[in-house]
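Only the coordinates and a few stated rules stand behind these numbers; no lab work does. Given the structure is predicted, the values throughout are model-derived calculations rather than measurements. Here the Cβ positions follow ideal geometry from the backbone for every residue, glycine too, while neighbour counts run over all protein chains shown.
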Amino acid sequence: MPDIRRVGVLGAGLMGSGIAEVCAKAGYEVVVREVDEKALAAGRRRIEQSLSKAIERGKLTASDGEAIRKRLRFSTSLEEFSSVGFVIEAIVENLEAKREVFKALDALCAPHAIFCSNTSSLTIAEMAAATARPDRFAGLHFFNPVPVMKLVEVVRAIGTSDETVARVTAFARSLGKEPIAARDNSGFVVNRLLVPFLLDAIRAYEQGVGSLEDVDTGMKLGCAHPMGPFELLDYVGLDTVYAIAEIMFTEYREARFAPPPLLKRMVVAGRYGRKSGRGFFEYDERGNRK
C-alpha cells in the first residue's frame with residue numbers, strides 16, 4: 001500500500017479546519033472540501049487565525065506558516081479527492097449525510113485509500129457499509145480544539161483490517177497525537193463516560209443539588225477538572241451535546257444517555273452556549289463569559 005502523502009478533509013467547520021491544520025503542519029498535502037464557498041471561506045479564516053496566533057506567540061515561524069498554507073488546498077468539489085490516500089470526514093453528525101458522501105467517494109478514490117470518520121457518536125460500521133472498502137474504514141475521533149488536544153480515538157469497526165488499524169494509528173502519531181484504541185460502540189471511550197456525566201450534572205441542577213457556579217466550582221476544586229460541567233456544556237454546545245445524547249440513547253436505550261428536559265428546552269430556545277451568546281451562562285461577542 002502506497003505511503004500517505006495527500007489527505008482529504010471533508011468539512012471545514014470547527015473540527016474539520018482544525019484537522020486540516022494539524023495535517024498540513026505535519027507535512028501532508030491537504031485538500032479541504034466544503035459544500036459551498038461561504039462555508040469554505042469560514043474554514044479558511046479559522047485556519048488563518050490559528051496560524052497567525054501561533055506565529056504571534058512564537059510557536060511557529062513566519063516561513064513555517066507560509067509553508068503550511070501552501071500545503072492546503074480548498075475546494076467545493078469532491079473530484080479533488082480522487083488523488084488522496086487518506087480521507088477524514090468531519091461533516092454534520094448525520095448518518096445518512098455521511099453514508100451518502102462516503103458512497104460517492106468510494107467510486108472516486110483509489111482502491112488503496114483509507115476512509116476515516118471523525119464522528120463522536122455514530123457507529124463506524126454503519127458508514128463503512130455504504131462502501132466497498134469496510135476493511136479500509138475506521139474511526140479517527142479528534143477533540144476540540146484539534147491543534148491543542150493531544151488525544152485521538154482510533155475506532156475499529158467489525159470489518160476494519162489489522163493493517164488499516166496500524167496505518168491509522170501511525171498516521172495519528174505522525175500528527176503529534178496520542179492515539180487510544182476504541183471499540184465501535186456509540187460514544188467510543190471518552191463520550192461514553194463524559195456524556196452521562198454532563199447529563200447528570202444537568203439533572204442535579206434541575207433537582208436543586210447546587211447552583212451552576214457551585215457545581216462547577218465543586219468539580220474543578222474537588223476533582224481537579226479544568227472546567228466545570230456547565231462551562232464545558234456551553235463550550236461544546238448544548239445543541240451538540242443534545243444531538244449526541246439522542247444518538248447514544250437510541251443506541252443503548254439506557255436512561256443515563258437520555259437528554260434531560262432542561263437541555264431540550266434550552267436547545268429549542270436557541271441557547272446553545274458560547275456560540276449563540278447564551279447557554280447556562282452568558283457570553284460577549286468574543287465568547288468571553290459576562
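Rounded to the nearest whole Hz, the Karplus-based 3J(HN,Hα) values (6.51 cos²θ - 1.76 cosθ + 1.60, θ = phi - 60°) of the stretch 80-91 follow the sequence 5, 7, 5, 10, 8, x, 8, 10, 10, 8, 9, 9, with x at glycine and proline. One chain, two ends: Y235 and N288. Fully extended at 0.36 nm per residue, the span grows by 18.0 nm beyond their Cα-Cα distance.
Over all orientations, the chain has a Cα convex hull whose mean projected area works out to 15.4 square nanometres. Think of the stretch 191-276 as having a plus end and a minus end, set by charges on the Cβ of Lys, Arg, Asp and Glu; of L221, A255, L194, A255 sits farthest toward the positive end of this dipole. For the pair A107 and A255 in one chain, pulling the backbone fully straight at 0.36 nm per residue adds 49.2 nm over the alpha carbon distance. Note on S186, S82: ascending count of other Cβ atoms within 10 Å places them as S82, S186, the fewest first. For the stretch 159-259, trypsin sites (Lys or Arg not before Pro) are listed when DSSP marks them as loop and at most 13 other Cβ atoms sit within 10 Å of their Cβ; the list is R253. Structure shown: which of K25/K150; K150/K275; K59/K150; K103/K177; K38/K103 lie over 18 Å apart, alpha-carbon to alpha-carbon? Where the Cα-Cα span goes over 18 Å, the pairs concerned are K150/K275; K103/K177; K38/K103. The residue list M127, G208, A42 was ranked by how far each Cα lies along the charge dipole of the chain toward its positive end, using unit charges on Cβ atoms, and A42 comes out on top. Rg/Rh for the stretch 116-273 (Cα atoms only, Rh after Kirkwood) is 1.02.
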